[in-house]
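The block underneath contains the structure these notes are about, expressed in C-alpha cells.
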Amino acid sequence: MQSTFALLVAIGCAGGPASPPGTDAPDAQSATRDTLVIADRNDIGTLLSILPQTATDADLMEAMSLLPIANDFDCSIKKLPGLAKSWEWSEDGTILKMELRDDLTWEDGVKVTADDIAFTYSLVADPTVGSPYINHVEHMTPDGRPKVIDATHVEWHFTHAYDRDTQASHANLMPIPKHIFENADRATLRGHEKANQPLSYGPWRLAKWEPNQRLLIEPNPNFTGPEHYRPRLNRVIYRVIPEYATRLIELESGNIDLMNDIGVADADRLREEHPEIRLVRRGWRSMDFIGWNLTNPLFEDLRVRRALAMATDVQGMIAKLLTSKGGEAYARQAIGTITPALCGVHNDDIKPLAYDVAAAKKLLADAGWTDSDGDGVVDKGGTKFEFTLTTTDGNKRRADASVLFQDQMKQVGVSVNLEKLEANTFFTSLRERRFEAGLAGWSADLVVDPSVVWACDKEGNRNEFNYGPYCNPELDTLVQKGLSTPNLRDSAPIWREVQQKLYDDQPYLFLWWMDEIVGINDRFVNTTIDIITPYKNLHEWEVPEDKVKYAR
Amino acid sequence: MWRYVTRKLLLAIPLLFCVVTLIFVLIELSPGDAADKFFSPDTPPEVRQNIVAKYHLDEPALVRYLALLRNLVAFDFGRSIGQERPVVDIVAEALPNTLLLSAVTLLVIYPTGIIVGTIQAIRQNRPVDTAASVVSLALYSMPDFWLAMLLQLLVSFYLRDFIDLPSSGIVDPVRYDFMSAPEQLVDRAKHLVLPGIAMGLASAGGTARYVRSSMLEIIRQDYVRTARAKGLRERTVIVRHALRNALLPVVTLMGLSVPYLFSGAVIVESVFAWPGMGRLIVQAIYTQDTPLVIGCFYVFTLLVVAGNLLADVAYAWIDPRISFD
C-alpha cells in the first residue's frame, strides 16, 4: 500500500504546475475573458432576495442582478437607475412613484413587471414568511404592498414621510418571480425547490450551486437589458473555505483571486511579497466597542465611565493592533455608532476623551473609588472595582484588545478578568443582559437609524440590541425627529447632536472603526470594491486579453 | 456468526436512543436557539414568534423530544432549520466525501504503520528501528491541524512549482467542469492526497508502535522458532506466520479508529475546505440546527457500530480460535 501512496504522490507530481487549460480552441469571445474566483468562510444561506441570512447573500444577489434603485456611495448613498428607469416623490414625501424598465425578462422569457414587485412585497408583509425585511413595510399602505398602476409603473404609499433614503431603501427589494412562487407555501418558502435555483433578470445567472463547496455564476444568455450591462468575465466562482489561513495560502498561490477581511499583518506581508495582489480598503465598515452593563452599580456613575474611557489608550491599541509596519492605520478612533464614512453626518467635532491616567484616577476618586487598603485595586464601601470583560472566542483582534485593556485598567487600580465565550453564548448573554462588560462590534449602517441600538425599552417590548440598556428619552425624541426628516442634509445636524449626547453619556467605551482590507489579483481591472459591497458592478470587471488566466 | 451480527445490530438501537437523547439535551442546554440566526435588530416581535412557532421552538422540550423520537422511528429526520432542506439530502451530500477521505486515511495509516512496525521489529535496536521510533513518536505527537497547515504551506505554496497538489477543496473549482472523465478522476485523487496524509500520518506513527510491540512478542513464540527450524524462508515466517497474529491488536485499533476518523475529520475538513460530515456537524452545532445535528450523529453512531462490527468479524477471520459464541 505504500506503493499506492507513492502512486498518489506521483499523480500529483506528474500533473505539473497549474497552467491555463489547453489545447481545444475555446470560442474567440470567451478566450479573451477570464474567470474570477472568490473565497469566503461561509456558504450562501439563500438566493431568495427576501430571506437573506448573511451579508454575502445580499452582496452576491445584488452583484448578479439589478436592484430597482442601484446604490452608489460617496459620503452617503447615491441613487442610480437600475430596474427602475426613474422615480419621483410626491410633494409631501408620502408617495414614491417608480417607472420600471420594460425590456427586462426573467430567464424563462416572462417579462419582469410591477406585479412581481407587488408580489414580492406581499410576501415580505406576510409574517408567516418570516422575512427580516418586514419592517420595510411597516409604514406602507395598503397592507404593506405597493400599488400597481400598470406593468411598468408602481407606487409606494407611506403612512407618513420620513428620511427619503430610508424610504427609498424600504422600496428597493429585488423582486422575485410571481409566476414561480405565487402558489408556494409561504411558511416553507426558504425550502421551496426553486428558492436556491433563482431565475435571473440581470446580467448574471446561477449556473451551479454545490452546497458548502462552490457557487458558479455565469453571464445570463437571456439577459435582455442594455448592452453595457453584459459581463466581461466568463464566470465567477464563489468558493467556501472556512479557514482564514487556507484562504490566504490560496490567494498567495494564485488559486483564488479575491479574499475579504485580510488582517493588517498579512496585508503588510502581501504588499511586500506579492505585487500581483492589489489591496483595497473598503471604508469604515465595522466598529469595536466595550459595552457596559448599566444596571451594574460599578458602571452607573457617569464619572466612572468617563474615567474608564480616559484610562484607555485607544490610539495606542490602534497602533499595536490595526496599524501596518509602514505606519498605515486601518482604524480610527470611534466616537459613536454612526460610521465616519457618512461624512457630514459623522460628528467630526467630537474630540475623544484624551488618554490621561492621572485625570482618570482623579475622576474615579471623585466618584468615591480609592485604594483604601493599598492592594492596588480601588474600592468603595468595601467593594472592589473588579469586573469581567467578555468577548467572543476566536477573534484574535478582540482577544488582544482585551489583554491591552486589562493592562491599562491596572494603571488606575481597576481589576479586569477576561472571559472568552463561544459566539452564540456571547451574543445571547449580551441580549439577555447577563454580562458585566462586553467587547463586541457593530457593522456600519449606511441608512442612519440609531434607534436600533439606543432606543429605550418599550412596555412589553425590550430592545434586545440595547445591551446596556441605555435609556435617554430626550435622545429617543431627537432620534425620532431625525428619522422623520426627509433628507440627510437636513437631518445631519440632528444626528450630530445625537452623537454628542451619546458620547457625553458614554454608554459604551467606543473603541474604533475599522477599514476592511480586500485582496484582489491585479489582473482584474474596472473593479469597484466599496463600503456597500465588494462585488460592485461585477459586469464591468474584466481582465486584459494578455493576462487572461482561465481562458474558459 | 449471523446471530452475533444480529445481536450487535440490535444493541445499536439502545445506543442510538442514548446518543439522540444526549445530543438533544446538550442542544437544549446551550444558550440561544436555532431561530436566532433569522433575527436582526429590526425583526419585529410577531415575526420572531412566527419563526419560533414554525420550528416548534415554543413547545416544551419534552414535546419536541417525543416528536423527534416518533419521527426517527419512521426514519424521518426532518428538515434542517438553517438550510430548510431535508436532513437526509444534506447528509447524503456530505457523507460520501467523509467516507472517501476516511478510506484514504485508512490506506495511509494501516499499510504504512504495519510495514514500518514490522521492519522495526525485525531490525530491533538497529539504527533503522531507532530512527523509525523517533519519527513515529514525532508524528504521533503532532496535532492534526498543525500538520495539515504545514503540508499546505510546504507543498501547495513553497513547492507549488514542483509539486501540483491542491491545498483545498475536493475538485479544481475552475477547470473540473471542462475535464474528461479520466482527468476528473485524477483531479479528485490529487485533492485527496494532502488531507489523507494530514489525517493519517500521525496515526500511522502510532500504529507502527503497536505493530512493532506486537511483532516483537510474536516472533519470540515457539511456533515461529519452529517455522524457522523447518527451513522456511524468513519472509514466509514473518508474513505468513508472525504477522497474521501480530495484526490482532491492529484489527481492534481499526474498529476503534472509526470515531477518531470522524472527529479528526472535523479539523482537517475545515483546514482543507473538504465538504464532509465533520464540517457539516460543526456548522450545525454552531447554529443549533437540532434536526441536522441529530441526523449527523445518528449516521456517525451507525458507522461506529458498523466499524466495530467489521473489526469483530475481521478478528474472528484472522484468528480461527476466536468464536462468536
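The values are calculated or read from the model by the stated rules, or taken from the named source; none is laboratory data. Here the structure is a predicted model, which means the values were calculated and not measured. Virtual Cβ from ideal backbone geometry, glycine too; neighbours counted across all protein chains shown.
Identify all residues within segment B:83-114 that are at the interface with another protein chain (Cβ under 8 Å from one of its Cβ atoms), closer than 16 Å to B:Val250 by Cα and in contact (Cβ under 8 Å) with a residue 60 or more places away in the chain; write none if there are none.
B:Leu107, B:Val108, B:Tyr110, B:Thr112
Looking only at segment A:329-348, decide whether some residue is out of contact with any Phe, Trp or Tyr (no Cβ under 6 Å at 6 or more places or on another chain), within 16 Å of A:Trp512 (Cα to Cα) and of a type in the set (Lys, Arg).
No, that holds for no residue.
For segment A:393-429: of the residues being hydroxyl-bearing (Ser, Thr, Tyr) and assigned to a helix (DSSP H, G or I), which is farthest from the other protein chains (Cβ to nearest Cβ)? Spell out the reasoning first.
Initially, segment A:393-429 is screened for residues hydroxyl-bearing (Ser, Thr, Tyr), giving A:402, A:415, A:425, A:428-429.
Next, from what is left, pick out any that are assigned to a helix (DSSP H, G or I): A:402, A:425, A:428-429.
Values: A:Ser402: 20, A:Thr425: 5, A:Thr428: 4, A:Ser429: 7 Å.
Residue satisfying both the conditions and the ranking: A:Ser402.
What are the residues in segment A:176-199 that are more than 10 Å from chain B (Cβ to nearest Cβ) and among the basic types (Lys, Arg), if any?
Of everything in segment A:176-199, those that are more than 10 Å from chain B (Cβ to nearest Cβ) and among the basic types (Lys, Arg) turn out to be A:Lys178, A:Arg186, A:Lys194.
Mind checking which residues of segment A:145-165 are within 20 Å of A:Leu83 (Cβ to Cβ) and in a loop (DSSP other than H, G, I, E, B)?
Of everything in segment A:145-165, those that are within 20 Å of A:Leu83 (Cβ to Cβ) and in a loop (DSSP other than H, G, I, E, B) turn out to be A:Arg145, A:Pro146, A:Ala151, A:Thr152.
I want to confirm something. Restricting to segment B:139-156 and keeping residues that are aliphatic (A, V, I, L, M) and more than 7 Å from chain A (Cβ to nearest Cβ), which single residue is surrounded by the fewest Cβ atoms within 10 Å (Cβ to Cβ)? If you could, list the steps in order and put the result at the bottom.
Step one: of segment B:139-156, the residues aliphatic (A, V, I, L, M) are B:139, B:142, B:147-151, B:153-155.
Imposing the further condition that a residue be more than 7 Å from chain A (Cβ to nearest Cβ) reduces the set to B:139, B:142, B:147-148, B:150-151, B:154-155.
Details: B:Leu139: 18, B:Met142: 16, B:Leu147: 20, B:Ala148: 27, B:Leu150: 12, B:Leu151: 20, B:Leu154: 14, B:Val155: 21.
Filtering segment B:139-156 for residues that are aliphatic (A, V, I, L, M) and more than 7 Å from chain A (Cβ to nearest Cβ), the one surrounded by the fewest Cβ atoms within 10 Å (Cβ to Cβ) comes out as B:Leu150.
Being assigned to a loop (DSSP other than H, G, I, E, B), touching a residue at least 40 places away in the same chain (Cβ under 8 Å) and closer than 25 Å to A:Arg247 by Cβ, is that true of even one residue in segment A:465-485?
So far as segment A:465-485 goes, no, none of its residues is assigned to a loop (DSSP other than H, G, I, E, B), touching a residue at least 40 places away in the same chain (Cβ under 8 Å) and closer than 25 Å to A:Arg247 by Cβ.
Considering only segment A:526-551, state which residues are within 16 Å of A:Asn71 (Cα to Cα) and basic (Lys, Arg).
Selection gives A:Lys536 alone.
Evaluate the following for A:Ile180: is it in a helix (DSSP H, G or I) and buried (at least 16 other Cβ atoms within 10 Å of the Cβ)?
The answer is yes for A:Ile180.
When you scan segment A:140-153, do you find a residue that is in contact with an Asp or Glu (Cβ under 9 Å, 6 or more places away or on another chain), at pLDDT 95 or above and of a type in the set (Ser, Thr, Tyr), even just one?
Yes: one or more hits.
Taking the condition of being basic (Lys, Arg) and touching a residue at least 12 places away in the same chain (Cβ under 8 Å), how many residues in segment B:188-239 meet it? I'd like the intermediate steps shown before the answer.
In the first step, residues of segment B:188-239 are kept if they are basic (Lys, Arg); the result is B:188, B:190, B:209, B:212, B:220, B:225, B:228, B:230, B:233, B:235.
Pick out the ones that are also touching a residue at least 12 places away in the same chain (Cβ under 8 Å) and you get B:188, B:190, B:209, B:212.
The qualifying residues number 4.
Give the residue that is farthest from the other protein chains (Cβ to nearest Cβ), with candidates limited to residues of segment A:228-259 that are surrounded by fewer than 21 Cβ atoms within 10 Å (Cβ to Cβ) and under 24 Å from A:Lys547 (Cα atoms).
Taking the candidates together, the pick is A:His228.
In segment B:259-313, what residues are within 14 Å of chain A (Cβ to nearest Cβ) and more than 24 Å from B:Thr21 (Cβ to Cβ)?
B:Ala265, B:Ile267, B:Val268, B:Glu269, B:Ser270, B:Val271, B:Phe272, B:Ala273, B:Trp274, B:Pro275, B:Gly276, B:Arg279
For segment A:380-437, which positions are surrounded by 21 or more Cβ atoms within 10 Å (Cβ to Cβ), free of Cβ contacts under 8 Å to residues at least 60 places away in the same chain and out of contact with any Leu (no Cβ under 8 Å at 6 or more places or on another chain)?
Within segment A:380-437, just A:Phe426 meets the criteria.
Assuming A:Asp505 fulfils every condition listed in (1) farther than 30 Å from A:Asp34 by Cβ; (2) modelled with pLDDT of 90 or more; (3) in contact with a Lys or Arg (Cβ under 9 Å, 6 or more places away or on another chain); (4) buried (at least 20 other Cβ atoms within 10 Å of the Cβ) apart from one, which condition is it?
The number of the failed condition is (4).
Residues being surrounded by fewer than 21 Cβ atoms within 10 Å (Cβ to Cβ) and aliphatic (A, V, I, L, M): count how many of those fall in segment A:123-167.
5
Among residues belonging to segment B:272-309 that are modelled with pLDDT of 85 or more and outside any helix (DSSP H, G or I), point out the one that is farthest from A:Asp40 (Cα to Cα).
The qualifying residue farthest from A:Asp40 (Cα to Cα) is B:Asp289.
Restricting the search to segment A:542-552, which residues are more than 20 Å from A:Pro275 (Cβ to Cβ) and either of a type outside the set (Ser, Thr, Tyr) or modelled with pLDDT of 95 or more (or both)?
Within segment A:542-552, A:Glu542, A:Glu545, A:Ala551, A:Arg552 meet the criteria.
Here is a list of conditions, (1) within 19 Å of B:Ala103 (Cβ to Cβ); (2) not in a helix (DSSP H, G or I), and B:Val251 meets all of them except one; can you say which number that is?
B:Val251 satisfies all of (1) within 19 Å of B:Ala103 (Cβ to Cβ); (2) not in a helix (DSSP H, G or I) except (2).
Of the residues that make up segment A:63-73, is at least one hydrophobic (A, V, I, L, M, F, W, C), surrounded by fewer than 21 Cβ atoms within 10 Å (Cβ to Cβ) and under 15 Å from the mean Cα position of the chain (by Cα)?
Yes, there is a match, as at least one residue in segment A:63-73 is hydrophobic (A, V, I, L, M, F, W, C), surrounded by fewer than 21 Cβ atoms within 10 Å (Cβ to Cβ) and under 15 Å from the mean Cα position of the chain (by Cα).
Inside segment B:157-185, can you point out the residues that are of a type in the set (A, V, I, L, M, F, W, C), within 8 Å of chain A (Cβ to nearest Cβ) and more than 23 Å from the chain's Cα centre (by Cα)?
The answer is B:Phe157, B:Phe162, B:Ile163, B:Val174, B:Phe178.
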